[in-house]
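The values are calculated or read from the model by the stated rules, or taken from the named source; none is laboratory data. In this text the structure is predicted, and so the values were computed from the model without any measurement. Glycine gets a Cβ as well: all are built from the backbone with ideal geometry, and neighbour counts include every protein chain shown. Each accessible area value is taken on the protein alone, full model and side chains, heavy atoms only, with ligands, DNA and RNA left out. Shrake-Rupley method; radii C 1.70, N 1.55, O 1.52, S 1.80 Å.
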Amino acid sequence: MDVQALKKVAEQMVAPGKGILAADESNSTAGKRFEKIGIENTETNRRAYREMLFTAPNIGSYISGVIMYDETLRQSTEDGKTFISVLESEGVLPGIKVDGGTYDMESSPNEKLTKGLEGLPPRLAEYAQMGAKFTKWRAVVTIGEGIPTDANIRQNAKDLAAYAKMAQEAGLVPIVEPEVLMDADNTMEKCGEVSERVLTAVFEELKNAGVAIEGMVLKTNMIVPGKKSGETVSPEQVADATLALFKKILPDNLPGQAFLSGGQSEVDATANLNEMNKRGPYPWKLSFSYGRALQDSALMAWGGKRENVALAQVALIERAKKNSLATLGQYQGE
Ligand code: 13P
């Protein structure tokens, strides 16, 4: 395992002024997004949509890497350039989601575990050979009556660590993504408590598995109240709670933490990240790995129509640029 090579890529992923575009929606999640704009969930439409994103002019000025889905990693532009080569030519690192989605935990069916460890090494080897530089695995933790259980948190942490070790052995930087879901009715305090249990377990298991912390990127949630709580919080409050937790738990040799947006609005996701970086620096970079918070406006502007591609790309670049500023604590609002 070449830790120095992994470290170099991890640092590139969270370089100041840059962050990650999560465009690794599974085909079924892509369908949910396309429903909003009334277009059919076909391979052709998914390819056209991703081509719009990846060929946005100047994408490499703000985006360090793109996370793709298996289908996407194998696709090409209409004029025959592979998406991998298009991203590489802009200096954007190609990445790949390698988990197989979630399933209900047998002993606690309201909680989820993540599929995909079986047969993972040969898949990683193929992705590395194709040109991927990093990978992602997402574990979700649900807040509710009597949950999350310690058993769920522990199993998710063990699976994340096992995946991360395999990715590093294949020469790929693992994004380790434990996501505490924000759609319940819990308080912000509860999100903080659960996130602390989760991150504690994740770093214990990463250590047990022998994962090189300097050769990975963390992707976790901000500390926010559940969407159904009716609580509204300021970027200052989100930054206070999130930073207090990170300072307690994140090891100094972690290159960076790239937030997921998790259902926050585009503007909230940017403003919250900015507030944290205004108060930096920290031993680790705080960056973004947003899906919805980078794509929502672009998806709406595109609407499945070729004639809207340029406008949609402007919308994507606008969000990417604002989040780039937020990694520097220099975002001035909309
Ligand atoms: P969101 O930013 O839309 O939460 O997506 C990020 C992601 O990759 C979730 O796994």
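If I go through region 133-152 residue by residue, how many of them are in contact with a helix residue (DSSP H, G or I) (Cβ under 8 Å, 6 or more places away or on another chain) and touching a residue at least 60 places away in the same chain (Cβ under 8 Å)?
Total satisfying the criteria: 3.
Name the pairs: first residue in region 278-298 and aliphatic (A, V, I, L, M), second residue crowded, with 24+ Cβ neighbours inside 10 Å and in a loop (DSSP other than H, G, I, E, B), Cβ to Cβ under 7 Å, at least 6 apart or on different chains?
293/261
Within the group 151, 162, 167, which residue is among the hydrophobic types (A, V, I, L, M, F, W, C) and crowded, with 20+ Cβ neighbours inside 10 Å?
Working: 151 fails: crowded, with 20+ Cβ neighbours inside 10 Å; 162 fails: crowded, with 20+ Cβ neighbours inside 10 Å.
Going through 151, 162, 167 in turn, just one is among the hydrophobic types (A, V, I, L, M, F, W, C) and crowded, with 20+ Cβ neighbours inside 10 Å: 167.
For residue 91, work out the one condition from (1) part of a helix (DSSP H, G or I); (2) over 23 Å from residue 43 (Cβ atoms) it doesn't fulfil.
Answer for residue 91: the failing condition is (1).
Can you pull out every residue in region 170-179 that is surrounded by fewer than 24 Cβ atoms within 10 Å (Cβ to Cβ) and more than 16 Å from the ligand (Cβ to nearest atom)?
Scanning region 170-179 gives 170, 171.
Just the residues that are within 8 Å of the ligand (Cβ to nearest atom) and open to solvent by 30 Å² or more (accessible area, probe 1.4 Å), please, taken from region 252-294.
292, the sole residue that qualifies.
Could we say that residue 40 is in a loop (DSSP other than H, G, I, E, B), modelled with pLDDT of 95 or more and open to solvent by 30 Å² or more (accessible area, probe 1.4 Å) here? Please lay out each step first, then the result.
Details: in a loop (DSSP other than H, G, I, E, B): yes; modelled with pLDDT of 95 or more: yes; open to solvent by 30 Å² or more (accessible area, probe 1.4 Å): yes.
Considered against the rule, which asks whether it is in a loop (DSSP other than H, G, I, E, B), modelled with pLDDT of 95 or more and open to solvent by 30 Å² or more (accessible area, probe 1.4 Å), residue 40 comes out as yes.
Can you work out which of the residues in region 45-83 that are within 16 Å of the ligand (Cβ to nearest atom) and assigned to a loop (DSSP other than H, G, I, E, B) is least open to solvent (accessible area, probe 1.4 Å)?
62
Test each condition in (1) within 16 Å of the ligand (Cβ to nearest atom); (2) among the small types (Gly, Ala, Ser); (3) crowded, with 24+ Cβ neighbours inside 10 Å for residue 157 and report the one that comes out false.
(1)
Which of the residues that make up region 99-141 are touching a strand residue (DSSP E or B) at 6+ places or on another chain (Cβ under 9 Å), surrounded by fewer than 19 Cβ atoms within 10 Å (Cβ to Cβ) and hydroxyl-bearing (Ser, Thr, Tyr)?
Answer for region 99-141, where residues must be touching a strand residue (DSSP E or B) at 6+ places or on another chain (Cβ under 9 Å), surrounded by fewer than 19 Cβ atoms within 10 Å (Cβ to Cβ) and hydroxyl-bearing (Ser, Thr, Tyr): 102, 103, 108.
Would you list the helices (runs of 4 or more DSSP H) that sit entirely within region 185-302 and hold 3 or more residues that are of a type in the set (Val, Ile, Thr)? Don't jump to the end; show me each part of the working.
Numbers: elements: 188-208, 235-249, 266-278, 292-302.
Answer list for region 185-302: 188-208, 235-249.
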